[in-house]
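In what follows, a single structure is set out as structure tokens and then discussed.
The values are calculated or read from the model by the stated rules, or taken from the named source; none is laboratory data. In this text the structure is predicted, and so the values were computed from the model without any measurement. Here the Cβ is made from the backbone with ideal geometry for all residues, glycine too, and neighbour counts use every protein chain on show.
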Amino acid sequence: MKKNILFIINPVSGNQHAPSLCKRIYDRLDKSKFNITISFTGAKGEGAMLAQKAIRDHVDYVIAVGGDGTVNEVGSQLVHSDVVMGIIPNGSGDGLARHLRLRGNFDQAIDVINQEHVVEVDYCLANDVKFFCTFGMGFDALISYSFSKAGTRGFSTYVEKVFKEYINYKPEEYVIECNGEKIVSKSFLITCANASQWGNNVYIAPQASVHDGLLDVITMEPFGLTNAGPIAFQLFTKTITSRHDIKMYRAKEFIFHREKPGIYHYDGEPIEMGDTVVVRVVPAGLKMLAPKNLAI
């Protein structure tokens, strides 16, 4: 019996236009296995509504076609359901997709769906906000906010915002509670990582796993401009945690305190939250299509 599969496409995400995406999906997908439905989002929140309807309709697979925001919107609804999620990455950063080795070849992403290899991955909660890749505060949250206001997307825009915001940025002091300890940290940024990277193969937590029931939290101390180049190099080469000004903590739950409410980000989406945030892992909460023999 064929399985029912729904593709939720964000038509404004990425460089591939919707008609081209539809044709490539129909051409490559194994139609002997699946009954195919394709829906498009027109505004923020529509992906969530389509995912909710898929659960009610007992759809077997829901595939998010877009960037990290689309993946988060769809995945947040599918947790703890019988519906299996897949990803065809078509965004700017594609952090979770890259962690799962789905980014870079459209045909291979479709082949992963055809193979129907299902794994259970962790997701996380920052207070009541779900995320699958990273949650952060400090400089990366500011960049997320600035990037969301930019008229253009893409990696070059992201780099432009980094250099522009760095000049006047003032690091904050945070208190971190984990594993029965309290840590005071004046940090340039703090990242809670379920997966290994922010996106664009920028590895802030190279050892992070979406399958271990733990969060990797990375704190980065303030640094001078002369260190920006070496830090960028180590982010791309998965060696950032070897630096003396980087601290890494691992636990199931963290509590963060800052002086006042501010901007955070979840999977690259900016959000305002209070001065205290509890971040925790929910193990094996989402069924996901992934390549076989992949260390997740």
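Among the residues in the stretch 222-229, are any in the same structural domain as TYR145 (by TED's automatic domain parsing) and either under 17 Å from the mean Cα position of the chain (by Cα) or among the charged types (D, E, K, R) (or both)? Within the stretch 222-229, none of the residues are in the same structural domain as TYR145 (by TED's automatic domain parsing) and either under 17 Å from the mean Cα position of the chain (by Cα) or among the charged types (D, E, K, R) (or both). Does the stretch 141-158 contain any residue that is within 15 Å of the chain's Cα centre (by Cα), over 30 Å from ILE5 (Cα atoms) and modelled with pLDDT of 90 or more? There is at least one residue in the stretch 141-158 that is within 15 Å of the chain's Cα centre (by Cα), over 30 Å from ILE5 (Cα atoms) and modelled with pLDDT of 90 or more. For the stretch 241-269, the set of residues classified as touching a residue at least 60 places away in the same chain (Cβ under 8 Å), of a type outside the set (Ser, Thr, Tyr) and more than 14 Å from CYS133 (Cα to Cα) consists of LYS247, ALA251, GLU253, PHE254, ILE255, PHE256, HIS257, ARG258, GLU259, GLY262, ILE263, listed by residue number. GLU73 meets the conditions (1) touching a Gly at 6+ places or on another chain (Cβ under 6 Å); (2) among the acidic types (Asp, Glu); (3) modelled with pLDDT under 95 in every case but one. The failed one is (3).
I'm checking my understanding of the structure. Among residues of the stretch 67-106 that are among the small types (Gly, Ala, Ser) and closer than 19 Å to VAL202 by Cα, which one is surrounded by the fewest Cβ atoms within 10 Å (Cβ to Cβ)? My answer is GLY104.
Selection of the stretch 181-195 for residues being farther than 17 Å from LYS130 by Cα and either surrounded by 24 or more Cβ atoms within 10 Å (Cβ to Cβ) or touching a Gly at 6+ places or on another chain (Cβ under 9 Å) (or both) yields SER187, PHE188, LEU189, ILE190.
On the given criteria, is VAL217 assigned to a loop (DSSP other than H, G, I, E, B), touching a Cys at 6+ places or on another chain (Cβ under 9 Å) and either aliphatic (A, V, I, L, M) or buried (at least 16 other Cβ atoms within 10 Å of the Cβ) (or both)? No; evaluated as a whole, the condition is false for this residue. Restricting to the stretch 220-246, name every residue that is of a type in the set (A, V, I, L, M) and in a helix (DSSP H, G or I). Once the filter is applied, which keeps residues that are of a type in the set (A, V, I, L, M) and in a helix (DSSP H, G or I), the stretch 220-246 yields LEU225, ALA228, ILE231, ALA232, LEU235, ILE240. Kindly indicate the residue of the stretch 12-38 that is at pLDDT 95 or above and polar (S, T, N, Q) and also surrounded by the most Cβ atoms within 10 Å (Cβ to Cβ) among those meeting that condition. Checked the stretch 12-38; the qualifying residue surrounded by the most Cβ atoms within 10 Å (Cβ to Cβ) is THR37.
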